[in-house]
There are 2 protein chains.
Amino acid sequence: MDELLVIGIGAGNPADITVGAVEALARADVIFTLDRATTDLTRARDALVERYAPNARNVVVEEPRRDRAASAYAEAVHDWRAGRAATWQKAIDAHDGVGAFLVWGDPMLYDSTIAVLDQIGAEYTVIPGISSITALCAAHKIALNRVAGEVLITTGRRLREGGWPAGQTELAVMLDGKGAYRNVIDEPLEIYWGAYVGAEEQLLLSGRLSEVADRIDATIAEARERHGWIMDVYLLRATE
Amino acid sequence: MDELLVIGIGAGNPADITVGAVEALARADVIFTLDRATTDLTRARDALVERYAPNARNVVVEEPRRDRAASAYAEAVHDWRAGRAATWQKAIDAHDGVGAFLVWGDPMLYDSTIAVLDQIGAEYTVIPGISSITALCAAHKIALNRVAGEVLITTGRRLREGGWPAGQTELAVMLDGKGAYRNVIDEPLEIYWGAYVGAEEQLLLSGRLSEVADRIDATIAEARERHGWIMDVYLLRATE
């Protein structure tokens, strides 16, 4: 292909797409799509493509399945990426012009698109996007950091396995959906929680963790039932 | 005022502004501006205002000076904010319609706009923006995190005073400009450094920290001389 673009399209609010992403979509001849199941999220992405790249060709890349039950998470991801690399290479080689990979949120944060493209030695340009953490804080109207403070961005798995990280006061937790905050419920913490952040279905809850955890659990269970999937993100903030 | 908007306008690339920020600017009657010195950065912001809010009124809010020499950083910021709150309140009360505060990068990260608005009890909406960290990673074409890993967002001051934080492998450093990476130069680290990220003047350097630190020092000194100011951001990544 002449050019490959990795385009961050924001966390779910169509208004969070950047002018640069809109311009990039307008130049795309082929949009590579990586999932087949239709969810609210794929519908929202398709709506962006229809609006900003109406004439682009949509190509679904058939991907290998990932072993989500594997205990060696990093290894499982590594194997899965090797399989992806081969299928992506094939898809890219089969097309001409400008190709685009669309990434929810920010391609720089917990996303493997650029890693796979590096693996196959592809040249590409990245258009950054609004991450779900940023969208979460904007929705709650809170700063991610405290004055002169620091913030640890981590995963649900790490919080579940490692507990509260020593010395930290602000934790932004991604890739959870299973209530890893339960593991630190005895700590003096406030939680700012959100799911489908920025989208119409957006859910927000906040308060002292020990007091709102049950309500968040119930909200996750209900939302998962209603939508068939959940993507949540939260900030935990030490109060003492 | 009828409405107050806090609008993230990205880290310096005009294309990083979101569609939502463009729409918000179009609705603004008054743009509150907080600085008076003319730099490349204020010119770039003025260009965005001219393009997306050509009929809005520009109001410069006279702010108290901040004691940047104070050793008690958090306290100095606190005092400064109290003074700001009074002047902002006055400026807001003096105008009608929709008011907008423009924030470089992301209003959720190391920015005090929403804290000041909270202090005066103002109602507002936040439009998130692309942070300089995201723009840095996009420019270097690197992920912020490693697979299943975590990232600590910190400040130049903390790195200078505290050294390398135990247990961390990825550090995103903001608010430096004084080469705090020098304090960890003996650690096995890679640095991905940038200044004026996303803007035309963008500078990027990367490599083994011990090998590129001198070049980064020299680049900062030259750039500060040429532009009169510098805003840098970098990712430090443990290699062992």
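The values are calculated or read from the model by the stated rules, or taken from the named source; none is laboratory data. Every value quoted in this text rests on a predicted model; they were computed, and no experiment measured them. So basically every Cβ, Gly included, is an ideal-geometry build from the backbone, and we count neighbours across all protein chains shown. Accessible surface is based on the protein model in full, side chains and every heavy atom, while ligands, DNA and RNA are left aside. Shrake-Rupley method; radii C 1.70, N 1.55, O 1.52, S 1.80 Å.
Observations on the structure shown:
- Residue in the stretch B:53-66 that is open to solvent by less than 30 Å² (accessible area, probe 1.4 Å), not assigned by TED's automatic domain parsing to the domain that holds B:GLY198 and not in a loop (DSSP other than H, G, I, E, B) present: yes
- Residues considered: B:ASP46, B:ASP16. Of these, the only one that is within 11 Å of chain A (Cβ to nearest Cβ), on the phi < 0 side of the Ramachandran plot and either touching a Ser or Thr at 6+ places or on another chain (Cβ under 9 Å) or of a type in the set (A, V, I, L, M) (or both) is B:ASP16.
- Odd one out for A:THR125 among (1) modelled with pLDDT of 95 or more; (2) of a type in the set (Ser, Thr, Tyr); (3) closer than 24 Å to A:VAL233 by Cβ: (3)
- Hits in the stretch B:131-144 (condition: within 16 Å of A:ILE153 (Cβ to Cβ) and buried (at least 23 other Cβ atoms within 10 Å of the Cβ)): B:SER131, B:SER132, B:ILE133, B:THR134, B:LEU136, B:CYS137, B:ALA143, B:LEU144
- Residues of the stretch B:73-109 classified as part of a loop (DSSP other than H, G, I, E, B) and surrounded by fewer than 21 Cβ atoms within 10 Å (Cβ to Cβ), total: 5
- Residue check, A:VAL173 within 22 Å of B:PRO165 (Cβ to Cβ), within 22 Å of the chain's Cα centre (by Cα), not in a helix (DSSP H, G or I) and not assigned by TED's automatic domain parsing to the domain that holds A:ASP16: yes
- The residue list A:ALA221, A:ALA166 contains one member that is without any contact (Cβ under 8 Å) to a residue 40 or more places away in the chain, open to solvent by 20 Å² or more (accessible area, probe 1.4 Å) and within 19 Å of A:ILE153 (Cβ to Cβ), which is A:ALA166.
- Within the stretch B:118-131, the set of residues being assigned to a loop (DSSP other than H, G, I, E, B) and either within 8 Å of chain A (Cβ to nearest Cβ) or in contact with a helix residue (DSSP H, G or I) (Cβ under 6 Å, 6 or more places away or on another chain) (or both) comprises B:ILE120, B:TYR124, B:PRO128, B:GLY129, B:ILE130, B:SER131.
- The set of residues in the stretch A:132-157 being at the interface with another protein chain (Cβ under 7 Å from one of its Cβ atoms) and of a type in the set (Ser, Thr, Tyr) consists of A:THR134, A:THR154, A:THR155.
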